[in-house]
Amino acid sequence: MTFRPTLVAVLALAACSRDDTAERRARLGPNPTFAQVMQIADAQAGARGFGQCAACHSIAAGGADRNGPNLHGVYGAPIAQNRPRFGYTDALQAQRGVWDDRRLDRWLADPRADVPGTTMTFAGVRDPLARADLIAYLKTQR
Ligand code: HEC
């Protein structure tokens with residue numbers, strides 16, 4: 001069998017494209033703006049990150065509400081209105097506006113600091129790039 005360097009290179013590239021988070025982070029530098037982080041957000045990385053949400057949230061169209069509401073179509077929707085039959089807290093229902101990039105970023109960083117009284121008992125995602133990836137993923141699910 002002959003050694004095929006081209007195939008090896010292709011396989012190596014494929015492996016990198018599966019998770020280039022370290023590379024993306026390096027490109028961002030130490031103090032990126034929110035817009036810069038959103039610019040390199042990766043929905044596929046966000047799909048993997050969604051694993052930490054999936055215990056409480058389904059996201060497929062028509063999926064059932066669990067501990068948390070189904071999140072299909074939540075991006076761009078008015079806060080606490082995407083799933084009318086879900087029992088949102090008064091605290092979340094009192095929020096104005098829609099789930100856009102910035103609003104989701106604030107929520108996902110620390111839900112209970114963002115909306116005191118929420119029942120989303122989730123510590124939050126500290127890493128801005130990981131939040132941007134999640135937001136990019138939510139955008140694809142609508
Ligand atoms: C421990 C369970 C739990 C986990 C884990 C969790 N959530 Fe939630 N989530 C909830 C609950 C409960 C609510 C409703 C909160 C309320 O009404 O105050 C909610 C609400 C939301 C909403 C608002 C929905 C709407 O219709 O307005 C979004 C967006 C959301 N979660 C995203 C996420 C994402 C993204 C993750 C993962 C990074 C996540 N959640 C992890 C339980 C959870």
* Every residue from the stretch 78-117 that is touching a Lys or Arg at 6+ places or on another chain (Cβ under 8 Å) and either among the aliphatic types (A, V, I, L, M) or free of Cβ contacts under 8 Å to residues at least 24 places away in the same chain (or both) -> 79, 97, 104, 108, 109, 114
* **All positions within the stretch 57-101 that are near the ligand (Cβ under 7 Å from one of its atoms), hydrophobic (A, V, I, L, M, F, W, C) and closer than 20 Å to residue 139 by Cβ** => 71, 74, 77, 79, 80, 99
* Quick one: in the stretch 82-98, of everything that is part of a loop (DSSP other than H, G, I, E, B) and surrounded by 13 or more Cβ atoms within 10 Å (Cβ to Cβ), which residue is nearest to the chain's Cα centre (by Cα)? => 82
* Asked: Within the group 131, 126, which residue is more than 16 Å from residue 77 (Cα to Cα) and surrounded by 19 or more Cβ atoms within 10 Å (Cβ to Cβ)?
  -> 131
* Pair list, Cβ under 6 Å, 6 or more apart: the stretch 63-75 residue over 16 Å from residue 120 (Cβ atoms) and part of a loop (DSSP other than H, G, I, E, B), other residue within 8 Å of the ligand (Cβ to nearest atom) and among the aliphatic types (A, V, I, L, M) -> 75/138
* **Close pairs from the stretch 118-137: first among the basic types (Lys, Arg), partner modelled with pLDDT of 95 or more and more than 8 Å from the ligand (Cβ to nearest atom), Cβ under 7 Å, at least 6 apart** => 131/105; 131/109
* (1) of a type outside the set (Lys, Arg); (2) outside any helix (DSSP H, G or I); (3) at pLDDT 95 or above: which one isn't true of residue 3, the others all being true? -> (3)
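The values are calculated or read from the model by the stated rules, or taken from the named source; none is laboratory data. All figures in this text were calculated on a predicted structure; none of them were measured in a lab. Reconstructed Cβ throughout: ideal geometry from the backbone, glycine too, with neighbour counts over all protein chains shown.
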